[in-house]
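Engineer: What follows is a single structure, and I will ask about it in a moment.
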Amino acid sequence: MFNELEERQDFIVIKGRHKKAMKCDSHSVSGSVSQRACVYSGARVVLNPIADAVHLVHGPIGCAAYTWDIRGSLSSGSELYRRSFCTDLKERDIVFGGNERLAAAIDKLVQLYAPKLIFVYATCVVGVIGDDLEAVCKAASSKYGIDVIPVQSSGFMGNKAAGYRAACDALLKLIEPVNTDNIGKSRSINYLGDFNLAAETWIISNYFRSIGIEINAVLTGDSEYAKLKKTTDACLNIVQCAGSMNYLAHKLNDLYGMPYIDVSFLGIQDTSESLRKVAAFFNDDDIILKTEEMIKSQTAKANQAIERYKHHLCGKKAAIYVGGGFKAISLLKQFREIGIDVVMIGTQNGQPHEYDTLQELADEGVIIVDDANTSELEQFILEKGADILVGGVKERFLAYKLGVAFIDHNHNRKHPLSGYEGAVNFAKEVYSTVCSPVWKYALDQGGDSAR
Amino acid sequence: MRDVNQNPCNMCMPMGGIFAFKGVEGSMVIIHGSQGCSTYMRRHMAEHFNEPIDVASSSLNEKGTVYGGEANLKKGLDNVITLYQPRLIGVLTTCLAETIGEDIDRIASQYMEEKSLTDLNIIAASTPGYGGSHAEGYFRTARKIIESLTYKTEKHSKINIIVPIISPADIREIKRILNALDIEYVIFPDYSDTLDQPFARPYNKNPDGGTKLHDIASMAGAAATIQMGITVDDAISPGRYLEQQFGIPLYNLPIPIGVEATDRFIDTLVRITGCVVPDSLKQERGRLIDAMIDAHKHNFEARCTIFGDPENVYAVAKMCMENGIVPAVAATGSPSPKLGEALGDHPHICVLTESDFMQILEKSTEENVDFAIGGSDGKFLSDEGNIPLIRYGFPIHDRIGGQRLLSVGYTGTTLLLDRMTNTLLSIKYDNYRDKMRQRYLADMQR
Ligand code: SF4
Ligand code: SF4
């Protein structure tokens with residue numbers, strides 16, 4: 001495939017009969033207009049849903065301004081997490097260092113909100129001016145007897161995936177149990193990698209409740225300090241968003257012997273399989289029976305609802321460009337569930353094993369791309385004749401300008417995509433954009449109306 | 001100085017810089033720093049304008065941060081040229097690039113030399129995020145563009161019009177007024193098309209529009225400059241530069257919002273050029289006055305909070321006063337000493353500079369305002385303080401059409417006034433029955 005930038009060549013493969021090596025998890029190419037965000041962004045995504053925590057950005061104002069309340073995570077209690085706190089570093093702090101400013105900000109926030117938990121996010125400049133985040137946080141922590149946890153998220157230290165790790169490291173500090181007696185003692189499970197976007201955590205938790213499994217802690221959708229402190233009580237970790245949470249699950253296994261299984265609640269098939277896996281872990285007839293009953297009734301209901309959309313969508317072509325590999329894999333399957341062929345798959349931060357899976361699953365001829373830039377997205381969408389793109393905010397308007405339908409799979413969406421409900425919503429979302437009458441008028445606007 | 005900023009009311013300098021460059025024909029921007037800054041700014045703009053916003057990043061990584069980002073930036077310039085074939089590349093710095101001491105002017109000129117580029121301009125503007133808000137970043141960059149592209153040139157009769165951050169619809173309206181007055185002008189930065197691109201096939205990732213490079217160069221020979229920038233500091237004022245460097249008379253005016261400001265804009269044009277005001281404009285003025293009279297009782301002594309960048313806050317505050325609405329709180333996240341000066345003769349206005357939304361909420365509650373006007377971040381005031389928000393300015397993320405909001409000139413003012421009055425009316429009507437029942441019926445039934 002022709003690419004104007006030679007150094008991007010290796011990040012793109014076309015699915016053929018043999019698996020090809022492809023480059024990923026690497027630095028973005030300068031000047032290529034990558035769609036990626038930064039380490040801080042990744043860390044914030046993971047930790048942000050912790051509702052009663054103070055999330056303090058240590059850095060200049062922009063980093064905080066652009067990330068104020070931009071995610072749709074819901075909370076059943078505190079709304080504190082939706083505020084954007086920032087040390088607002090200025091020129092003189094850059095010269096003389098920001099340690100004092102950070103300490104003062106923490107003092108003030110403790111005085112105002114009396115939080116039990118403060119996350120302090122390092123931004124790029126903080127990594128350069130040599131502020132001692134660890135020391136300031138430690139001092140504040142002992143001064144107030146609360147958890148003040150630094151998040152090493154300087155933007156230039158890597159990409160979003162590095163941010164996930166930074167967040168997981170922060171979480172590990174938070175959940176380190178004081179009392180090791182209770183580890184694994186409860187019959188309940190932890191649910192890792194759901195951020196309660198549009199109530200998704202609640203939807204899945206309800207499924208578990210109705211099959212007789214209690215959720216101990218969710219990391220981190222609708223979570224709070226007290227619940228997270230008991231994380232290690234659970235007997236099992238189930239891991240959804242693998243990109244962000246695999247690392248944590250591994251660590252919890254190493255440190256506390258907590259077993260974990262991978263799950264996915266995106267799409268009907270994955271949801272059912274995941275529920276079965278968890279039920280099987282408990283090896284309890286009652287749970288297994290209830291699970292099968294629920295799967296049966298929910299699947300029937302969802303399939304019936306989807307049928308209405310499906311026959312409008314069969315044979316359409318989709319392009320996927322999302323943050324992580326886990327999501328891309330799920331979407332590929334979900335599109336198939338509604339009869340749509342996927343013609344392009346890309347991710348911002350996919351990992352090698354995820355690209356392997358994608359190459360296995362994709363049909364021949366599908367373009368697979370890592371860290372695509374806007375020019376590539378444009379090229380691939382048009383060449384492949386995609387009818388719909390799934391992606392985030394920045395991709396939405398590119399799709400629209402290309403006259404292509406679009407659905408959001410970002411952290412700001414207002415429609416749940418998890419579970420059976422989510423599967424129906426997914427079909428409905430796709431339908432509502434692909435089958436809109438507006439495209440008809442877009443066809444002959446301007447030069448080429450050949451499409 | 002406050003200990004902690006709680007819910008920022010401003011963005012950072014390079015964001016303003018992007019706006020300025022987007023107002024130049026055939027330009028592309030690269031932000032020198034790590035990837036996140038550029039992506040966040042793109043997202044912020046994309047969601048407001050509902051447009052793809054292509055801005056490159058030099059994607060500084062650890063190595064570049066430690067050993068200098070020159071190689072990254074040059075590579076980035078190469079790639080931007082390959083992908084976009086721009087006529088001008090704007091280089092903006094971030095906190096990171098400034099902190100590690102990148103000399104972008106040198107890198108840019110060296111690059112031009114190395115590649116012996118003749119038909120491409122590279123303009124580097126220093127915009128450390130920590131050095132000011134998007135508002136300063138905008139004017140600073142606009143000035144840098146003018147400094148770089150102008151040289152002593154022949155005098156001509158065109159008028160320079162320098163606009164702040166307003167909506168594409170506002171820019172188009174200003175052009176319409178200028179055309180109605182039959183005035184020859186150069187408007188800069190003109191992002192009215194580049195940030196509000198009509199749908200057309202095939203898609204063009206280098207949107208048409210923007211002030212032409214030779215038009216910018218010609219600004220050095222204009223008959224006068226009208227700059228909508230009364231809160232702009234001289235050191236970053238493009239109009240002041242043209243005056244000092246080339247002797248172009250500067251008329252520093254407020255954004256033409258409200259009767260007085262629009263009159264002033266048109267009168268100034270008449271004075272400079274001797275143009276004749278057509279009946280159509282006089283009629284627009286008449287309609288505005290008519291609308292003001294129709295609405296005056298609803299508006300009288302209403303109280304509001306205005307927040308955003310200083311230039312817009314000033315203009316809207318003045319327009320409120322014309323209608324008997326008290327701009328009780330005028331707030332900006334910028335340092336802007338001039339906003340306080342400009343609104344200084346109105347002791348009933350509480351001017352907040354370097355503010356944040358927590359402070360704005362506190363003041364607004366204290367001042368008992370009826371509504372707030374500004375970008376969608378002000379939803380915080382509605383959520384936590386029950387203050388209705390009229391969306392105005394940038395950014396507007398939770399409603400559609402921020403790029404189409406028209407607020408300048410007589411007609412734009414009429415529309416803006418309607419938005420305000422209707423907000424007051426809906427408060428009144430929504431509460432009317434309950435209020436009356438509580439006030440009078442409850443007593444009767446006691
Ligand atoms: S404040 Fe500085 S570091 Fe933060 S987004 Fe703006 S330029 Fe980037
Ligand atoms: S300065 Fe760093 S942390 Fe802040 S937005 Fe930019 S890349 Fe992210």
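Engineer: Compute the separation of the alpha-carbon centres of the range A:380-451 and the range B:383-446 and state it in Å as a whole number.
Structural biologist: So the separation of the two Cα centres works out to 34 Å.
Engineer: Would you be so kind as to identify which of A:L266, A:I238, A:S141 lies farthest towards the positive end of the dipole of chain A, taking Lys and Arg as +1 and Asp and Glu as -1 on Cβ and the Cα centre as origin?
Structural biologist: A:L266
Engineer: Next up: Evaluate 2.2 N^0.38 Å with N set to the residue count of the range A:12-75, then give the Cα radius of gyration divided by it.
Structural biologist: For the range A:12-75, the normalised Cα radius of gyration is 1.62.
Engineer: Where in chain B lies the longest segment free of chymotrypsin sites (Phe, Trp or Tyr not before Pro) that are both loop residues by DSSP (not H, G, I, E, B) and have at most 14 other Cβ atoms within 10 Å?
Structural biologist: Segment B:1-150 is the longest.
Engineer: Right, something else. Using only Cα atoms and rounding to the nearest 10 degrees, what angle (0 to 90) does helix B:13-22 make with the longest principal axis of chain B?
Structural biologist: So the helix axis and the longest Cα principal axis differ by about 80 degrees.
Engineer: Whole angstrom only: what separates the Cα centroid of the range B:235-262 from the Cα centroid of the range B:19-90?
Structural biologist: Spelled out, the Cα-based centre of one part sits 30 Å from the other.
Engineer: Still on this structure, please answer the following. With equal scatterers on the alpha carbons only and no solvent term, can you work out the Debye log10 of I(q)/I(0) for the range A:333-449 at 0.12, 0.20, 0.21, 0.23 1/Å?
Structural biologist: -0.46, -1.31, -1.43, -1.60
Engineer: Report A:F326's accessible area, 1.4 Å probe, all protein chains in place, as a number in Å² to the nearest 10.
Structural biologist: 40 Å²
Engineer: Chain A: percent of C-alpha pairs farther apart than 37 Å?
Structural biologist: 28 percent
Engineer: In bins 5 Å wide, starting from 0, what share of all Cα pairs of the range B:81-177 does each bin hold, as a percent?
Structural biologist: All Cα pairs, binned at 5 Å, distribute as 2, 10, 16, 18, 19, 17, 11, 5, 2, 0 percent.
Engineer: Towards the positive end of the charge dipole of chain B, with charges on Cβ (+1 Lys, Arg; -1 Asp, Glu), say which of B:A125, B:I30, B:I289 has the farthest Cα.
Structural biologist: B:I289
Engineer: Shifting gears a bit: For the range A:180-262, taking Cα atoms only, what is the radius of gyration to one decimal and the Dmax to the nearest whole Å?
Structural biologist: Values for the range A:180-262 (Cα only, Rg and Dmax): 11.8, 36 Å.
Engineer: Quick one, what does Rg over Rh come out to for the range A:93-160 if you take C-alpha atoms and the Kirkwood Rh?
Structural biologist: 0.98
Engineer: Sorted by accessible area (1.4 Å probe), largest first, how do A:K440, A:K428, A:K138 line up?
Structural biologist: A:K138, A:K440, A:K428
Engineer: Separate question: So what's the convex hull volume per residue for the Cα atoms of the range A:1-127, in Å³?
Structural biologist: Hull volume normalised by residue count: 157 Å³.
Engineer: If you take the accessible area of A alone plus B alone and subtract the pair, what total do you get in square angstrom, rounded to 100, with a 1.4 Å probe?
Structural biologist: 6000 Å²
Engineer: Still on this structure, I have one more. Distances over 28 Å make up what percent of all Cα-Cα pairs in the range B:13-149?
Structural biologist: The answer is 8 percent, as a whole percent.
Engineer: Oh, and also: Report the charge-dipole magnitude of the protein assembly as shown in Debye, nearest 20, computed about the Cα centre from +1 at each Lys and Arg Cβ and -1 at each Asp and Glu Cβ.
Structural biologist: 1300 debye
Engineer: Evaluated at 25 °C with a viscosity of 0.890 mPa s, what Stokes-Einstein diffusion coefficient in µm²/s does the range A:340-393 have when Rh comes from the Kirkwood expression over alpha-carbon pairs?
Structural biologist: Value of D from the Cα-based Kirkwood radius: 209 µm²/s.
Engineer: B:K75 accessible area, nearest 10 Å², 1.4 Å probe?
Structural biologist: It works out to around 80 Å².
Engineer: Compute the orientation-averaged projected area for chain B from the convex hull of its Cα atoms and round it to one decimal in nm².
Structural biologist: Over all viewing directions, chain B projects a mean Cα-hull area of 24.4 nm².
Engineer: Taking only complete DSSP H runs, can you tell me which helices of chain A stretch 30 Å or more along their own long axis by Cα positions and average at least -1.0 on the Kyte-Doolittle scale?
Structural biologist: Membrane-span-like by this rule: A:285-313.
Engineer: Round to the nearest 10 and give me the degree value, 0 to 90, for the angle of helix B:35-49's Cα axis relative to the longest principal axis of chain B.
Structural biologist: Roughly 50 degrees, rounded to the nearest 10.
Engineer: Then there's this: Just by accessible area at a 1.4 angstrom probe, what is the order of B:R433, B:R87, A:R83 from largest to smallest?
Structural biologist: From most accessible down to least: B:R433, B:R87, A:R83.
Engineer: Suppose accessible area is computed on protein heavy atoms with a 1.4 Å probe; arrange A:D370, B:D398 from highest to lowest.
Structural biologist: The most accessible residue leads, giving B:D398, A:D370.
Engineer: Now a separate question. If amide hydrogens are placed 1.01 Å from N in the peptide plane, which non-local residues have theirs closer than 5 Å to the one on B:A124?
Structural biologist: When sequence neighbours closer than 5 places are left aside, the close amide H contacts are B:V91.
Engineer: B:S157: accessible area at probe 1.4 Å, nearest 10 Å²?
Structural biologist: Spelled out: B:S157, probe radius 1.4 Å, area about 80 Å².
Engineer: Let me ask another. Compute and list, largest first, the equivalent-ellipsoid semi-axes of the protein assembly as shown from the alpha carbon gyration tensor, each √(5λ) rounded to a whole angstrom.
Structural biologist: The answer is 46, 33, 29 Å, longest axis first.
Engineer: Based on the alpha carbon coordinates of the range B:282-346, what radius of gyration and maximum Cα-Cα distance (Dmax) apply, in Å?
Structural biologist: 13.3, 39
Engineer: According to a simple spin-label model (label point 7 Å from Cα along Cα-to-Cβ), what is the distance in nm between B:N422 and A:K251?
Structural biologist: 5.2 nm
Engineer: Per residue of the range B:240-247, what does 6.51 cos²θ - 1.76 cosθ + 1.60 with θ = phi - 60° give for ³J(HN,Hα)? Whole Hz please, x for Gly and Pro, Karplus curve as stated.
Structural biologist: 4, 4, 4, 5, 5, 7, 10, x
Engineer: Please give the calculated 222 nm ellipticity per residue for the protein assembly as shown, where each DSSP H segment of at least 4 residues contributes -39500 (n - 2.57) and the sum is spread over every residue; nearest 500 deg cm²/dmol?
Structural biologist: My calculation for the protein assembly as shown gives -14500 deg cm²/dmol from helical runs alone.
Engineer: What ratio of Cα Rg to 2.2 N^0.38 Å holds for the range B:159-273?
Structural biologist: My calculation over the Cα atoms of the range B:159-273 gives 1.09.
Engineer: Under a Cβ-only charge scheme (Lys and Arg +1, Asp and Glu -1), can you give me the dipole magnitude of the range B:159-273 about the Cα centre, in debye to the nearest 20?
Structural biologist: That gives the range B:159-273 a dipole magnitude of about 260 debye.
Engineer: Heavy-atom accessible surface, probe 1.4 Å, ligands and DNA/RNA ignored: which residues of the range A:1-41 lose at least 50 Å² versus the isolated chain?
Structural biologist: A:E4, A:L5, A:S30, A:G31, A:V33
Engineer: For the range A:125-167, build the convex hull from the C-alpha positions and give me its volume per residue in Å³.
Structural biologist: Per residue, the Cα convex hull of the range A:125-167 comes to 60 Å³.
Engineer: Label the range B:308-414 by shape, choosing from rounded, prolate and oblate, from the square roots a ≥ b ≥ c of the eigenvalues of the Cα gyration tensor; if a/c is under 1.5 it is rounded, and otherwise prolate applies when a/b is larger than b/c, oblate when it is not.
Structural biologist: It comes out rounded by the Cα gyration axes.
Engineer: Considering only DSSP beta bridges whose two residues both sit in the protein assembly as shown, what percent are antiparallel, to the nearest 5?
Structural biologist: 10 percent
Engineer: Tilt of helix B:409-436 relative to the longest C-alpha principal axis of chain B, in degrees (0 to 90, nearest 10)?
Structural biologist: So the inclination is approximately 40 degrees.
Engineer: Could you give me D for the range B:379-446, from Stokes-Einstein at 10 °C and 1.306 mPa s, where the hydrodynamic radius is the Kirkwood radius over C-alpha pairs? Units µm² s⁻¹, please.
Structural biologist: In µm²/s, the coefficient rounds to 109.
Engineer: Positive end of the dipole of chain B, charges at C-beta (+1 Lys, Arg; -1 Asp, Glu), about the Cα centre: which of B:Q445, B:Y410, B:H156 has its Cα farthest in that direction?
Structural biologist: Comparing the listed Cα positions along the dipole, B:Q445 ranks first.
Engineer: Near the amide H of A:G184, under 5 Å away, which other amide H atoms are found, from residues 5 or more places off or on another chain, if H is placed in the peptide plane?
Structural biologist: Those lying under 5 Å, H to H, from A:G184 are A:D233, A:A234.
Engineer: Let me ask something additional. So how compact is the range A:197-328: Cα radius of gyration and Dmax in angstrom?
Structural biologist: 16.5, 51
The values are calculated or read from the model by the stated rules, or taken from the named source; none is laboratory data. Keep in mind that this is a model prediction, so the values were computed, not measured. Glycine gets a Cβ as well: all are built from the backbone with ideal geometry, and neighbour counts include every protein chain shown. With ligands, DNA and RNA removed, areas are computed over all heavy atoms of the protein, side chains included. Shrake-Rupley method; radii C 1.70, N 1.55, O 1.52, S 1.80 Å.
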